[in-house]
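Participant: Take this structure, written in structure tokens, and hold onto it; I'll ask about it next.
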Amino acid sequence: MQFDVIVLGAGAAGMMCAASAGQRGRRVLLLDHAARLAEKIRISGGGRCNFTNLQARHDCYLSDNPNFCRSALAQYTPRDFIAMVERYGIAYHEKKLGQLFCDDSSQQIIDMLDNECRAANVDRRMETAVQEVGRSADGLFTVRTAQGEFRAPSLVVATGGLSIPQIGATPLGYQIAEQFGVALTARAPALVPLTFHVEDAERFAPLAGVSLDVEVRVGKVRFRENVLFTHKGLSGPAILQISSYWQPGQEIVIDLLPDIDAEAWLEARAGSEQLLANAMGELGWPKRFAEAWLAAQGANVRGKDLAAKKRRQLAETLHNWRVLPNGTQGYKKAEVTRGGVSTKALSSKTMMANEVPGLYFIGEVVDITGWLGGYNFQWAWSSGFVAGKNC
Ligand code: FDA
């Protein structure tokens, strides 16, 4: 069967692209091997889909070339997506830092995009595994599946990244890029919990569940958010954010008291009979955290027993606690994949491969990775829309 456009992957970017191409009158086939549409939208944002961020700008994205996403983000902005959400009467709220969530359910976003695709006469086929992608002598892309072969002059790859393989992630998009000579950058799990070395894991295991407001740094990058201790290491928004920048072997530096001058605070307790672990309750530290953390520093003592030199060292460590993770929890727990189809190989205005006319890559398969907080969906909408207008 022949179409004008075949879109591989009925996730966030693929559905957006199919709808926008269909609205131009293109005959669009949208293929996915999964049984259900857009599983990642469904599970996103704790079931409420953090569908965009009001502050989405190119400098909230990681890439070999973060400037690449400027054009798509300008062609289809968070406001454009919000306008569609409002048109469908979907109630939403800003949780924090420009992050917009559905009041009710992420299913509303899936239904909205599904409706847009239906209105645009998109032919959608689920549970359709792709067996082979090729190009015929007449220049059409061919997609062989168990349901038959489909052909089109435009092929849009929207198969996402590698995270959460248990709900359908595959490397198909990267394989298609390789097949057509489109460059790739190295890939790694991102927005992912970090794991402790055995020694730290044992020392901090009793802290699982403790959450603190901190500032986390790697190199020059810093995020002020919560860190969460887990049975395996560290998680929470601050860690997920920094994980995207973290390279194996690198230390992360945590300011455990970002709003307080730790040395002055300790000095004020220099004559005190009170155990520091108890006094730290006034800083908002849970007692079990204070006890375990201070014990690890050899400083679970009374204020008056902390010598001046030790006090200075402890203050320094409170502001610059260095942790050397031994890895990440990998694609099983990562929200996204960092790296992918090189932006150098694509047009930022259309998302088409420079050297392969008719072949497009959109969404997470591209080397554009957003911060936590709705940025990744905005990239999916923007890149999908742009490709849909051009394919
Ligand atoms: P996406 O993964 O959405 O879609 C890819 C599609 O391709 C899937 O339907 C898949 O089945 C299909 N596919 C893959 N291989 C195939 C093959 N071989 N043959 C056929 N089809 C194939 N982002 C955000 O901005 N806000 C949020 O709240 C969250 N929350 C969140 C929670 C969790 C748990 C995860 C894992 C991720 C998020 N994200 C997020 C990230 C966000 O989900 C992600 O960036 C987008 O879904 C990417 O959209 P894509 O369309 O590129 O891929």
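Quick note: the coordinates plus some simple rules give every number you see, no bench work behind them. No experiment lies behind these values; they were computed from the predicted model shown. Glycine also receives a Cβ, built like all others from the backbone with ideal geometry; neighbour counts cover every protein chain displayed.
Participant: For segment 53-60, just list the computed ³J(HN,Hα) in residue order, Karplus coefficients 6.51, -1.76 and 1.60, θ = phi - 60°, integers in Hz, with x standing in for Gly and Pro.
Facilitator: 9, 4, 9, 4, 9, 4, 7, 9
Participant: Another question about this same structure. At a 10 Å Cβ-Cβ cut-off, how would you order 310, 232, 332, 40, fewest neighbours first?
Facilitator: Listing 310, 232, 332, 40 from fewest to most nearby Cβ atoms yields 332, 310, 232, 40.
Participant: Ok, one more. Please tell me the relative contact order of the chain in percent, rounded to the nearest whole number, where contacts are Cα pairs under 8 Å and at least six residues apart. Mind dumping the intermediate values first?
Facilitator: On the way: 893 pairs, mean separation 101.4, N = 391.
Worked out over the chain, it gives 26 percent.
Participant: Let me ask something additional. Given only helices, namely DSSP H runs of n ≥ 4 each adding -39500 (n - 2.57), what is the per-residue ellipticity at 222 nm of the chain, to the nearest 500 deg cm²/dmol?
Facilitator: Mean residue ellipticity at 222 nm (helix-derived): -8500 deg cm²/dmol.
Participant: Something else about it: Would you calculate the separation in nanometres between label points at residue 67 and residue 231, each defined as 7 Å from the Cα along the Cα-to-beta-carbon direction?
Facilitator: Reported label-point gap for residue 67 and residue 231 is 4.8 nm.
Participant: Taking the Cβ of residue 22 as the centre, find all other residues whose Cβ is under 14 Å away and add up their charges (Lys, Arg: +1; Asp, Glu: -1).
Facilitator: Net charge in that neighbourhood comes out at +2.
Participant: Ranking 44, 243 by Cβ neighbours within 10 Å, fewest first, what do you get? Don't skip to the end; give the middle numbers.
Facilitator: Numbers: 44 22, 243 27.
Listing 44, 243 from fewest to most nearby Cβ atoms yields 44, 243.
Participant: In terms of modelled amide H atoms, which long-range or inter-chain residues lie less than 5 Å from the amide H of residue 366?
Facilitator: When sequence neighbours closer than 5 places are left aside, the close amide H contacts are 341.
Participant: Return the loop-located trypsin sites (Lys or Arg not before Pro) in segment 86-116 (DSSP other than H, G, I, E, B) with at most 13 other Cβ atoms within 10 Å of their own Cβ; answer none if there are none.
Facilitator: Working: sites: 87, 95, 96; in loops: 95, 96.
Taking segment 86-116 and a limit of 13 other Cβ atoms within 10 Å, the loop trypsin sites (Lys or Arg not before Pro) found are 96.
Participant: Can you give the FRET efficiency to the nearest 0.05 for residue 305 and residue 202, using r as the Cβ-Cβ distance and R₀ = 30 Å?
Facilitator: Result of the calculation: an efficiency of 0.70.
Participant: For a footprinting-style exposure proxy, rank 389, 309 by other Cβ within 10 Å, fewest first.
Facilitator: With the sparsest Cβ surroundings first, the list reads 309, 389.
Participant: Also, I was wondering about something else. Per residue of segment 204-210, in order, report the coupling 6.51 cos²θ - 1.76 cosθ + 1.60 (Karplus, θ = phi - 60°) as ³J(HN,Hα) in whole Hz, putting x for Gly and Pro.
Facilitator: 9, 3, x, 8, 3, x, 6
Participant: Something else now. Please tell me which of these pairs span more than 25 angstrom C-alpha to C-alpha: 95/349; 232/309; 96/333; 40/95; 287/310? Don't jump to the answer; show the numbers that get you there.
Facilitator: Working: 95/349 32 Å; 232/309 33 Å; 96/333 23 Å; 40/95 20 Å; 287/310 21 Å.
Exceeds cut-off: 95/349; 232/309.
Participant: Out of every Cα pair in the chain, what percent are spaced more than 29 Å from each other? The partial results should precede the final answer.
Facilitator: Values: 36293 of 76245 pairs.
More than 29 Å apart: 48 percent of the Cα pairs in the chain.
Participant: Then there is this: Name the residue from 25, 354, 76 whose Cα lies farthest towards the positive end of the charge dipole of the chain, charges +1 on Cβ of Lys and Arg and -1 on Cβ of Asp and Glu.
Facilitator: The one lying farthest along the dipole's positive direction is 354.
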